[in-house]
1. Going through B:411, B:373 one at a time, which residue ends up being acidic (Asp, Glu) and within 14 Å of chain A (Cβ to nearest Cβ)?
2. Can you find a residue in the stretch A:428-446 that is free of Cβ contacts under 8 Å to residues at least 12 places away in the same chain, surrounded by fewer than 17 Cβ atoms within 10 Å (Cβ to Cβ) and at positive phi?
3. The conditions are (1) facing chain B (nearest Cβ under 7 Å); (2) under 22 Å from residue B:130 (Cβ atoms); (3) in contact with a helix residue (DSSP H, G or I) (Cβ under 8 Å, 6 or more places away or on another chain); (4) of a type in the set (A, V, I, L, M), and residue A:163 fails exactly one of them. Which is it?
4. Look through B:258, B:234 and report the one residue that is more than 9 Å from every other protein chain (Cβ to nearest Cβ) and at pLDDT below 90.
5. So which of A:289, A:314, A:297, A:271 is at pLDDT 90 or above, in contact with a Ser or Thr (Cβ under 6 Å, 6 or more places away or on another chain) and surrounded by fewer than 21 Cβ atoms within 10 Å (Cβ to Cβ)?
6. Let me spell it out: the conditions are (1) within 11 Å of chain A (Cβ to nearest Cβ); (2) of a type in the set (Gly, Ala, Ser); (3) outside any loop (DSSP other than H, G, I, E, B), and residue B:41 meets all of them except one. Which number is the exception?
7. Within the stretch A:376-387, identify whether any single residue is surrounded by fewer than 16 Cβ atoms within 10 Å (Cβ to Cβ) and either small (Gly, Ala, Ser) or assigned by the TED database to the domain that holds residue A:251 (or both), and answer yes or no.
8. Being among the aliphatic types (A, V, I, L, M), assigned to a helix (DSSP H, G or I) and within 14 Å of chain B (Cβ to nearest Cβ) is the filter here, so list the residues in the stretch A:255-277 that pass it.
Amino acid sequence: MAAAGQQWVLVEMVQAFYEAPTYHLILEGILILWIIRLLFSKTYKLQERSDLTLKEKEELIEEWQPEPLVPPVPKDHPALNYNIVSGPPTHIITVNGKECINFASFNFLGLLDNEKVKSAAQASLKKYGVGTCGPRGFYGTFDVHLELEERLAKFMRTEEAIIYSYGFATIASAIPAYSKRGDIVFVDEAACFAIQKGLQASRSNIKLFKHNDMADLERLLKEQETEDQKNPRKARVTRRFIVVEGLYMNTGDICPLPELIKLKYKYKVRIFLEESLSFGVLGEHGRGITEHFGINIDDIDLISANMENSLASIGGFCCGRSFIIDHQRLSGQGYCFSASLPPLLAAAAIEALNIMEDNPDIFQTLRAKCEHIHKALQGISGLKVVGESFSPALHLQLEESCGSRENDVKLLKRVVDYCMNSGIALTQARYLEKEEKCLPPPSIRVVITVEQTEKELDKAASLLKEAAQSILN
Amino acid sequence: INHIVHNGGLYKRPFNEAFEETPMLVAVLTYVGYGVLTLFGYLRDFMRQWKIEKCQNATEREEQKDFVPLYQDFENFYNRNLYMRIRDSWNRPICSVPGAKVDMMERVSHDYNWTFTYTGRVIKDIINMGSYNYLGFAQNAGPCQEAAAKVLSQYGAGVCSTRQEMGNLDKHEELEKLVARFLGVESAMAYGMGFATNSMNIPALVGKGCLILSDELNHASLVLGARLSGATIRIFKHNNMQSLEKLLKDAIVHGQPRTRRPWKKILILVEGIYSMEGSIVRLPEVIALKKKYKSYLYLDEAHSIGALGPSGRGVVEYFGLNPEDVDVMMGTFTKSFGAAGGYIGGKKELIDYLRTYSHSAVYATSMSPPVVEQIITSVKCIMGEDGTTIGRARVQQLAENTRYFRRRLKEMGFIIYGNEDSPVVPLMLYMPAKIGAFGREMLKRNIGVVVVGFPATPIIESRARFCLSAAHTKEMLDTALKEINEVGDLLQLKYSRRRLVPLLDRPFDETTYEETED
């Protein structure tokens with residue numbers, strides 16, 4: 001049967017061969033010859049592989065000179081010579097051998113040398129030693145960590161909290177855990193460097209909006225909405241986030257959270273709030289900017305803060321609903337791949353939280369002191385105060401720049417040195433000039449803590465006035 | 001089997017590293033196992049979607065149900081269906097110092113690992129083979145702890161400022177000088193977190209227009225640092241010097257990918273001991289290559305500092321090389337020093353540059369003083385400057401423990417990866433079910449082990465990883481070995497066919513190795 005079928009096909013083929021026009025046969029013949037030629041010719045090599053001989057390659061290797069690993073740093077670079085603090089950086093600080101009143105450490109609630117905090121840390125040291133010798137997944141989870149997470153979640157009134165062992169790594173690991181390539185993040189221009197690094201690691205599309213300008217943000221959101229309508233399938237899988245800080249480190253003012261919540265529900269964007277400076281400062285009980293504005297905490301998707309300011313410990317935490325926080329336990333890089341927080345620092349943080357809960361009036365005291373110095377620093381000729389009146393971390397910027405950033409920095413250094421020589425420890429705000437997206441102008445950082453008395457605040461203000469008078473005029 | 005290496009003259013000591021090939025049957029069964037789990041996963045997802053089974057996941061808020069979903073269902077498939085089943089092997093909470101023996105809080109789950117409850121009981125004296133406690137400095141008594149307690153009462157726990165502002169304490173300067181002396185380099189700088197040391201300093205050293213050659217199995221922090229720097233990244237096969245040389249030659253000859261301009265600089269990223277493989281970097285060959293092709297070497301000694309070398313000074317001393325040949329020596333204080341943080345050591349120009357331009361110096365809080373004191377005391381102990389020989393004794397004890405443990409495990413017939421001298425001992429499990437089973441069986445016998453699976457390892461190469469410590473006595477090791485033997489028989493883990501064919505050692509091109517069989 002099959003043979004008969006094959007024979008039938010062969011007869012058809014031969015018949016077709018006779019009946020085909022000549023040009024058709026010639027064309028097919030040429031094509032067959034071409035295929036045979038291609039089959040037997042050598043594979044096509046990229047030009048450069050065949051061009052360079054071994055000797056030429058060796059010459060190239062000989063000739064190549066790399067740049068030095070690091071460029072030399074001039075000896076008088078302002079950031080090279082650190083202030084050396086001998087002894088604890090508490091209210092009275094010994095900087096470079098001189099005793100000064102500390103207006104430069106973020107010790108807002110004065111918990112750095114609190115005896116109760118230190119004794120809690122001592123007890124933990126006696127029980128656990130110093131290090132944890134492992135990441136959270138591999139026998140690095142201690143009962144103190146679990147307790148701290150529970151206490152933070154209870155304090156902030158959220159479902160769950162997660163702690164990191166380094167403040168910078170907290171927000172820099174949290175953002176890439178949720179926002180991936182292709183997602184869109186709207187971030188304020190004045191966001192701190194840790195947020196910028198988190199955004200860079202996430203590889204998402206970043207859209208900057210002008211600082212605290214809700215109209216600009218709304219414009220960007222509307223633009224995004226029109227983009228979405230062009231491509232609804234892509235829009236359905238693109239996640240959107242807004243990243244703002246509660247109290248901005250670079251400008252000292254707060255974000256307009258109620259308007260942000262309205263925008264959130266209108267354009268369906270999630271909000272990540274960075275509360276490093278506002279945790280333990282704003283709000284009636286120190287719960288941060290959500291308490292300050294009286295907003296339901298579940299409206300904010302993720303709150304991230306570091307424990308290095310008000311809590312006077314080391315590390316950071318994120319809190320929010322379990323739906324969101326639990327994801328970081330497997331995909332937060334700084335959580336999974338890094339050793340956990342030393343237990344003595346966690347115990348110190350728990351005790352600091354206890355003190356915060358037991359004495360809610362320190363927040364009022366702090367706010368009163370901030371208002372006091374804010375008023376006292378007004379009217380200094382040559383320096384303007386940047387920051388809200390209740391912000392404990394202010395900036396003093398030059399009213400008129402003298403042309404270049406370098407000269408501004410030198411001028412401000414003279415003011416700082418004058419103040420340090422007279423007993424007030426201040427510092428300039430430090431930035432990485434080439435790496436920041438929107439570099440803030442040079443400024444002096446003034447930090448107010450609960451331990452400073454009215455007399456000391458007045459002394460600082462008058463000293464700054466003197467310095468500005470003599471140096472800037 | 002002794003490998004006589006191609007560049008034999010560079011090695012002053014035998015380099016015995018072996019990665020036995022996965023037996024074919026085991027590989028097939030492992031894939032079958034994952035296949036079955038995936039099928040069941042789909043079945044359970046189906047049942048959950050049709051509400052036949054209760055969904056235990058946390059869910060989105062009602063008010064935000066119409067937002068774009070935060071997690072794609074598929075991303076979490078592995079998490080929901082495979083990881084959840086054996087979740088109790090990880091994140092085990094302990095409540096004592098993480099020394100050679102540890103106390104663990106007992107936890108039970110009544111709903112198949114979705115939630116845990118603590119019974120309140122404490123399981124005491126579990127032999128700890130999981131913590132990175134190589135020299136046994138995780139102690140809650142002794143000179144280190146006393147010094148740390150004194151500094152804690154004097155300085156407090158936190159610092160509340162960055163290094164460049166008001167956070168540079170005299171303790172930090174003391175630590176950095178000591179670390180530089182310990183390593184044998186000109187100068188050093190210390191940071192608060194080991195992970196952050198890599199991810200914040202590599203971007204300061206290289207940028208666009210530079211080339212990074214990174215090992216296949218580098219740690220997440222090195223990968224993140226390389227990505228954040230913006231340089232071009234090329235990967236060479238794990239510990240394979242031929243692959244590295246080929247990449248170096250190609251890079252210099254052909255230049256940058258499209259513009260053909262020469263590279264500004266080339267940085268090679270390697271680790272001292274790779275924590276998942278237990279292999280040690282071929283440092284003599286890497287340094288020879290680096291010198292020949294004028295590139296720079298970044299050595300991450302997270303696991304090898306304190307653990308290798310006759311006096312604990314790391315992989316450079318282990319091979320008898322000059323620390324000045326390594327351009328950037330990075331390490332962490334978490335593993336061998338019982339503290340937390342990282343350091344970078346090198347020439348003075350490098351450290352001055354990092355003091356000015358490192359992200360961590362400008363934006364991150366400096367190290368906590370009691371932690372710094374712990375490091376200072378432990379480094380002095382290792383160097384012998386505290387007047388005792390405890391440090392030296394511990395380093396020797398660790399080396400002995402390593403050799404003994406590895407030899408006994410190999411004799412029992414398990415497949416053990418890595419170098420003979422590395423205190424990180426990976427024992428191959430391969431099949432997904434054995435991951436959970438091994439962890440649980442060992443815990444029943446009062447031994448705490450670490451098991452790792454996908455995604456930290458390739459999917460069929462799940463393993464149990466033992467971290468040896470100088471604090472382990474021979475009795476503890478013998479107890480552990482006895483139990484491992486029992487569990488190995490119970491779970492049929494003795495895969496080794498005693499033909500130690502080097503798998504990852506195979507050269508990139510046709511250079512042959514001489515092998516002598518015992």
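The values are calculated or read from the model by the stated rules, or taken from the named source; none is laboratory data. Note that the coordinates shown come from a computational prediction; the quantities given were computed from them, not determined experimentally. Backbone-built Cβ (ideal geometry, glycine too); neighbour counts: all protein chains shown.
1. On the way: B:411 fails: within 14 Å of chain A (Cβ to nearest Cβ).
Checking each option against the conditions leaves just B:373.
2. No: zero hits.
3. Failed condition: (1).
4. B:258
5. Working: A:289 fails: surrounded by fewer than 21 Cβ atoms within 10 Å (Cβ to Cβ); A:314 fails: surrounded by fewer than 21 Cβ atoms within 10 Å (Cβ to Cβ); A:271 fails: in contact with a Ser or Thr (Cβ under 6 Å, 6 or more places away or on another chain).
Just a single option satisfies the conditions, and that option is A:297.
6. (1)
7. The answer is yes; a qualifying residue exists.
8. A:261, A:263
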